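Below is one structure, written out as structure tokens; the observations come after it.
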Amino acid sequence: KNSGSDKFVYYNENILLSSRRQQEMLYDVIRCLNDNYRGFLIVYQPIMNVKENRIIGMEALLRWQDSQRGTIAPGSFIDQIEKEVAFYGLSNWIIKRAIEDSKEFIRKDPDFFISVNLSQAQLHNDRFMSDLDSILKEADIPYKNLNLEFTKRCRILESEEIKDKMITMFNKGVRLVIDDYGSSYSSLNLLSNYPADRIKISREFVKDIDKSKTKQITLNAIIDCIKQLDKEVCIEGIESEELLKFFVDNYDIRYAQGYYYSKPMVLTKFRELYEKMNAVPLRS
Ligand code: C2E
Ligand code: MG
Ligand code: MG
Ligand code: MG
């Protein structure tokens with residue numbers, strides 16, 4: 001799987017070793033999940049208004065840390081821990097913590113938003129809507145400052161019930177984001193029949209766009225469509241100045257996220273970057 005889909009490799013000792021290591025790690029992650037989320041932390045990546053070169057929000061990204069392995073990104077464990085009962089509690093913990101951490105920026109900029117990734121386990125939980133209400137009431141921030149990101153792991157296309165929940169959230173004013181658009185999970189239905197305020201164009205699709213005329217044509221039409229539907233477009237995975245310039249020049253892109261600006265980081269580091277980038281007041 002690591003070398004892509006539809007590939008096979010011959011068995012060797014290293015495969016056994018690495019899959020055994022992976023199993024051991026998963027075992028430890030799940031043990032920590034069930035032990036008050038021990039070792040779990042949240043890092044934040046800035047979301048930029050590229051035209052104003054200013055941070056306008058942040059995405060909360062989960063990490064797991066232990067003394068031997070260091071800090072581990074969710075790609076290697078999220079699918080597995082999602083199936084655990086305790087994952088629902090962890091998800092609410094993430095939303096609460098992320099909102100708490102975002103308050104200082106909301107105080108400075110009432111439009112600042114905190115974006116949190118959702119998963120199927122939350123959306124399928126009957127308590128989710130009322131838990132979300134309580135979290136927002138207790139946190140005392142407006143609904144609009146919370147963005148919820150939907151990825152393929154939410155399986156929204158497979159359930160009318162989840163669509164109804166999205167509509168309810170949308171109507172309350174929580175802002176909804178379709179994540180990773182342009183990856184495998186990109187039904188046109190998502191654009192035309194689901195409420196969303198912003199569409200994030202997938203890093204996978206964006207990667208080599210400057211070299212592919214067909215990708216450029218496709219993206220041109222998609223971005224046009226998103227803008228006509230009155231939704232915002234955000235480009236993920238901006239890793240270089242050249243790529244950024246390509247999007248600004250060719251697609252008049254306003255919102256972006258990526259390593260070029262910053263990798264995800266702990267709150268104190270995020271704050272430093274925020275103060276540096278947002279120190280200059282906006283020209284009127
Ligand atoms: P995502 O929501 O699409 O988040 C963006 C991912 O792309 C993050 O990976 C981020 O570190 C990475 N990224 C951002 N900019 C760049 C770039 O310029 N280049 C490259 N190569 N990568 C970039 P991360 O943190 O490993 O998260 C992976 C996925 O795991 C997320 O994708 C999201 O779907 C899921 N995830 C992360 N945190 C949570 C969470 O708290 N709850 C749930 N349910 N899922 C989460
Ligand atoms: Mg996301
Ligand atoms: Mg994404
Ligand atoms: Mg993703």
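The values are calculated or read from the model by the stated rules, or taken from the named source; none is laboratory data. Because the structure is a prediction, the values reported are computed rather than measured. Methodologically, a virtual Cβ is constructed for each residue, glycine included, from the backbone with ideal geometry; neighbour enumeration extends over all protein chains shown. The area values use the complete protein model at the heavy-atom level, side chains included, leaving out ligands, DNA and RNA. Shrake-Rupley method; radii C 1.70, N 1.55, O 1.52, S 1.80 Å.
Please state, to two decimals, what the Cα-based radius of gyration of segment 1-131 comes to when divided by 2.2 N^0.38 Å (N = residues).
Details: Rg = 18.0 Å, N = 131, 2.2 N^0.38 = 14.0 Å.
Against the empirical 2.2 N^0.38 Å value, I get 1.28 for segment 1-131.
Given a 1.4 angstrom probe, what's the average accessible area per residue across segment 156-257, in square angstrom? Present the calculation step by step, with values, prior to reporting the outcome.
Numbers: 5050 Å² over 102 residues.
Accessible surface, normalised per residue, equals 50 Å².
Could you look at the chain and say what percent of its accessible area is carbon and sulfur, using a 1.4 Å probe and all protein chains?
Values: 7530 of 15420 Å².
Whole-percent figure for carbon plus sulfur exposure: 49.
Got the relative contact order for segment 1-101 handy, in percent, Cα pairs under 8 Å and 6 or more residues apart? Before the final figure, lay out the partial values.
On the way: 78 pairs, mean separation 21.2, N = 101.
Result for segment 1-101 is 21 percent.
Taking square-rooted eigenvalues a ≥ b ≥ c of the alpha carbon gyration tensor, is segment 68-205 rounded, prolate or oblate, where a/c under 1.5 means rounded and, failing that, a/b exceeding b/c means prolate?
Cα axes put segment 68-205 in the rounded bin.
What order do 113, 246 take when sorted by accessible area (1.4 Å probe), most exposed first?
Working: 113 10, 246 35 Å².
Ranked list, largest accessible area first: 246, 113.
For the chain, with the dipole built from +1 on Lys and Arg beta-carbon atoms and -1 on Asp and Glu ones, taken about the Cα centre, which of 256, 10, 99 lies farthest toward the positive end?
Farthest towards the positive end: 256.
Could you give the length gained on full extension between residue 18 and residue 189, defined as 0.36 nm per residue of separation minus the Cα-Cα distance, in nm? It would help to have the intermediate numbers written out before the result.
Working: separation 171, 0.36 × 171 = 61.56 nm, distance 3.93 nm.
Roughly 57.6 nm would be gained on extension.
On the full set of protein chains, 1.4 Å probe, figure out the accessible area of residue 154 and give it in Å² to the nearest 10.
0
Write down the percent of antiparallel bridges among all DSSP beta bridges whose residues are both part of the chain, to the nearest 5.
Numbers: 16 of 37 bridges.
Restricted to the chain, the bridges split so that about 45 percent are antiparallel.
For segment 25-101, what does the accessible surface come to per residue with a 1.4 Å probe? Please give it in Å².
With the other protein chains kept in place, segment 25-101 gives 43 Å² per residue.
Percent relative contact order of the chain, based on C-alpha pairs within less than 8 angstrom and at least six residues apart? Before the final figure, lay out the partial values.
Working: 376 pairs, mean separation 49.1, N = 284.
Across the chain, relative contact order equals 17 percent.
Given the options 273, 205, 68, identify the residue whose Cα lies farthest towards the positive end of the charge dipole of the chain (+1 on Cβ of Lys, Arg; -1 on Cβ of Asp, Glu).
Among 273, 205, 68, the one farthest towards the positive end of the dipole of the chain is 273.
How do 210, 6, 133 stack up against each other in accessible area, from largest to smallest, with a 1.4 angstrom probe? Working shown, then result.
Details: 210 80, 6 160, 133 35 Å².
Largest accessible area first, the residues go 6, 210, 133.
Taking a 1.4 Å probe, which of 183, 192, 102 shows the most accessible area, and what order do the others take after it?
Working: 183 30, 192 80, 102 0 Å².
The ordering from most to least exposed comes out as 192, 183, 102.
Using Cα centres only, tell me the gap between segment 55-91 and segment 173-245 in whole Å.
25
Rounded to the nearest 20 Debye, what is the dipole magnitude of segment 53-139 about its Cα centre when Lys and Arg each give +1 and Asp and Glu each give -1 at the C-beta? Provide the component values of the computation, followed by the final result.
Details: 11 positive and 14 negative charges, 45 e Å.
Here the size comes out at about 220 debye.
For Cα pairs less than 8 Å apart in space and 6+ apart in sequence, what is the mean separation divided by the residue count of segment 200-284, i.e. the relative contact order in percent? Spell out each step's value before the answer.
Numbers: 66 pairs, mean separation 22.6, N = 85.
With pairs under 8 Å counted, the relative contact order is 27 percent.
Taking the Cα centre of segment 184-273 as origin, sum charge times position over the Cβ atoms of Lys and Arg (+1) and Asp and Glu (-1), and report the length of that vector in debye to the nearest 20. Display every interim value, and only then the final one.
Values: 14 positive and 14 negative charges, 40 e Å.
That gives a dipole near 200 debye.
Can you tell me the dipole magnitude for the chain around its Cα centre, using point charges on the Cβ only (Lys, Arg +1; Asp, Glu -1), in Debye to the nearest 20? Could you put the intermediate results ahead of the total?
Details: 42 positive and 43 negative charges, 66 e Å.
It comes to approximately 320 debye.
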